[in-house]
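Heads up: the structure comes next, in structure tokens.
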Amino acid sequence: MSITPPKERIWWREPIAKVELAWILIAFVWGLFMFFMMIYWHGAGKQNLSNEAYKTTPVAYARKAQAVVDEHTVRQESGFPVVHPPPGSDVYLIARLWQWWPILELEKDQSYRLHLSSMDWQHGFSLQPVNINIQVHPGYDMVLTIKPDRAGEYGIVCNEYCGIGHHTMVGRLYVVE
Ligand code: CUA
């Protein structure tokens, strides 16, 4: 019985019991199955985003983001620039304590390369209500190739606890026709 100490002091030299072997096999086969399902779901399940990651620095990343903001800002909303970059271009979103900057305005059915990086520490990009989630780290430029298929106003919340203002770290993203 497993709730009493083993009879032999050198208990690990004993042959594996059939039941234990069966469970090891079941766990191993299940693990293998889920491993291949992960690859399958990537394509068929539409759950995981295809992304690329590059090394960067907060300073270098902020410079690129600022250049796009300077060139393509169309208006201001509550102190944030609303940026309408040309379809097919690289768009940058900055995560920092405690905001998503700037507000992006994208066109429906157009493809963009969306860059995400943090200026300080880890944040979680969570696009609502479509529930697209990705971790945002300082020093890494995460790139998602996206093609918005529904016009409307989307919310960006931070879903990685990042300090006292975490709950106020909300942003906006527009998709226009
Ligand atoms: Cu940023 Cu929580």
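Below is a table of values for the structure above.
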{"read-out": "GLN76 vs. criteria over 21 Å from LEU144 (Cβ atoms) and either of a type in the set (S, T, N, Q) or within 17 Å of the chain's Cα centre (by Cα) (or both)", "value": "yes"}
{"read-out": "Members of region 39-65 that are under 21 Å from VAL130 (Cα atoms) and either without any contact (Cβ under 8 Å) to a residue 60 or more places away in the chain or over 23 Å from the mean Cα position of the chain (by Cα) (or both)", "value": "TRP41, HIS42, GLY43, ALA44, GLY45, LYS46, GLN47, ASN48"}
{"read-out": "Test for VAL29: is it surrounded by fewer than 10 Cβ atoms within 10 Å (Cβ to Cβ), on the phi < 0 side of the Ramachandran plot and outside any strand (DSSP E or B)", "value": "no"}
{"read-out": "Qualifying residue in region 121-131 (condition: away from the ligand (no atom under 15 Å from the Cβ), surrounded by 19 or more Cβ atoms within 10 Å (Cβ to Cβ) and modelled with pLDDT of 95 or more)", "value": "no"}
{"read-out": "Region 118-145: number of residues that are free of Cβ contacts under 8 Å to residues at least 60 places away in the same chain and closer than 20 Å to GLU177 by Cα", "value": "4"}
{"read-out": "Number of positions in region 144-175 that are away from the ligand (no atom under 15 Å from the Cβ), of a type in the set (Val, Ile, Thr) and modelled with pLDDT of 95 or more", "value": "1"}
{"read-out": "Verdict on VAL68 being farther than 16 Å from GLY155 by Cα, in contact with a Leu (Cβ under 8 Å, 6 or more places away or on another chain) and in contact (Cβ under 8 Å) with a residue 24 or more places away in the chain", "value": "no"}
{"read-out": "Unique residue being more than 16 Å from the ligand (Cβ to nearest atom), of a type outside the set (A, V, I, L, M, F, W, C), over 20 Å from ASN51 (Cα atoms) and surrounded by 14 or more Cβ atoms within 10 Å (Cβ to Cβ) when the list is PRO81, PRO86", "value": "PRO81"}
{"read-out": "Check on VAL19, loosely packed, with under 10 Cβ neighbours inside 10 Å and either outside any loop (DSSP other than H, G, I, E, B) or within 18 Å of the chain's Cα centre (by Cα) (or both)", "value": "yes"}
{"read-out": "Condition met for GLY163 (in a loop (DSSP other than H, G, I, E, B) and surrounded by fewer than 18 Cβ atoms within 10 Å (Cβ to Cβ))", "value": "yes"}
{"read-out": "Failed item in (1) in contact with a strand residue (DSSP E or B) (Cβ under 6 Å, 6 or more places away or on another chain); (2) more than 16 Å from the ligand (Cβ to nearest atom); (3) free of Cβ contacts under 8 Å to residues at least 40 places away in the same chain; (4) not aromatic (Phe, Trp, Tyr), with GLU8 passing the rest", "value": "(1)"}
{"read-out": "The lone exception for SER78 - which of (1) in contact with a Cys (Cβ under 7 Å, 6 or more places away or on another chain); (2) free of Cβ contacts under 8 Å to residues at least 24 places away in the same chain; (3) not aliphatic (A, V, I, L, M) it fails", "value": "(1)"}
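The values are calculated or read from the model by the stated rules, or taken from the named source; none is laboratory data. The model shown is predicted, which means the values in this text are computed figures rather than measured ones. Please note: Cβ atoms are built from the backbone with ideal geometry, for glycine as well, and neighbour counts cover all protein chains shown.
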